[in-house]
Amino acid sequence: MSIAVCPGSFDPVTNGHLDVFRRVAAQFGEVIITVMINKSKQGMFSVEERIELLEDAVRDLPNVRVDSWHGLLVEYARQNAATAIVKGLRGANDFDYELQMAQMNRALTGVDTFFVPADPQYGYLSSSLVKEVATFGGEVAGMLPEHVHTALQKRLAERAAR
């Protein structure tokens, strides 16, 4: 069975991420969405919260599971017998950055990276941009799964109350 790893911070998961997950799930026997842990960054949501939000978002995809990892992604791929790393690309800037990482990952372990272009309706979406717009009161409901939008609004209200 072919196993793909879809890494990212997913803080929070967007409809663009979900589109990529669905497309990847149709091509691979198993897909592991991997929340990459960066201890030097403080996210809007904890790793545990991101995992829970992701699990709820992909509940309808039986060949998809969610995990987390701190360290080299290729080591995670090796430990999980993954044959591919899959990254969604919004545009040329993403490609320039991701190509170098893909080449390094292949040089380290031989694991190939596959790029999935964003559906044009999601090409502008990023977790960072969604959080920024929401922080300033912009409407982002159509950019996130409903349960993620609810969690984001709750978190922003908690932060505002401090």
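Scan the range 133-160 and report the pairs whose first residue is without any contact (Cβ under 8 Å) to a residue 24 or more places away in the chain and whose second residue is part of a loop (DSSP other than H, G, I, E, B) and crowded, with 19+ Cβ neighbours inside 10 Å, with Cβ atoms within less than 7 Å and a gap of 6+ or a chain change. Taking only residues 6 or more apart or on different chains, the pairs are V133/V140; A134/V140; H149/V140.
Here the range 142-162 is the region considered, the condition is being under 18 Å from the mean Cα position of the chain (by Cα) and among the hydrophobic types (A, V, I, L, M, F, W, C), and the residue that is nearest to G43 (Cα to Cα) is L152. Here R50 meets the list (1) buried (at least 20 other Cβ atoms within 10 Å of the Cβ); (2) in contact with a helix residue (DSSP H, G or I) (Cβ under 9 Å, 6 or more places away or on another chain); (3) without any contact (Cβ under 8 Å) to a residue 60 or more places away in the chain; (4) of a type outside the set (S, T, N, Q) almost entirely, failing just condition (2). Go through the range 78-100 and give me each residue that's among the hydrophobic types (A, V, I, L, M, F, W, C) and over 17 Å from F21 (Cβ atoms). Scanning the range 78-100 gives A81, A92, F95, L99.
In contact (Cβ under 8 Å) with a residue 60 or more places away in the chain, closer than 29 Å to G29 by Cβ and within 17 Å of the chain's Cα centre (by Cα): which single residue out of D119, D94 fits that description?
Numbers: D94 fails: in contact (Cβ under 8 Å) with a residue 60 or more places away in the chain.
None of the others qualify; the one that does is D119.
Within the range 19-47, being buried (at least 21 other Cβ atoms within 10 Å of the Cβ) and not hydrophobic (A, V, I, L, M, F, W, C) holds for one residue alone: T34.
Kindly check whether there is at least one residue in the range 43-53 that is among the basic types (K, R), in a helix (DSSP H, G or I) and under 29 Å from H147 (Cβ atoms).
In the first step, residues of the range 43-53 are kept if they are among the basic types (K, R); the result is 50.
Checking the rest, the ones that are also in a helix (DSSP H, G or I) come to 50.
Still in the running and under 29 Å from H147 (Cβ atoms): 50.
Yes, because at least one residue in the range 43-53 is among the basic types (K, R), in a helix (DSSP H, G or I) and under 29 Å from H147 (Cβ atoms).
Just so you know, all these numbers are worked out from the coordinates, no wet-lab data involved. All of these numbers come straight from a predicted model, not from anything done at the bench. We place every Cβ from the backbone using ideal geometry, glycine too, and count neighbours over all the protein chains shown.
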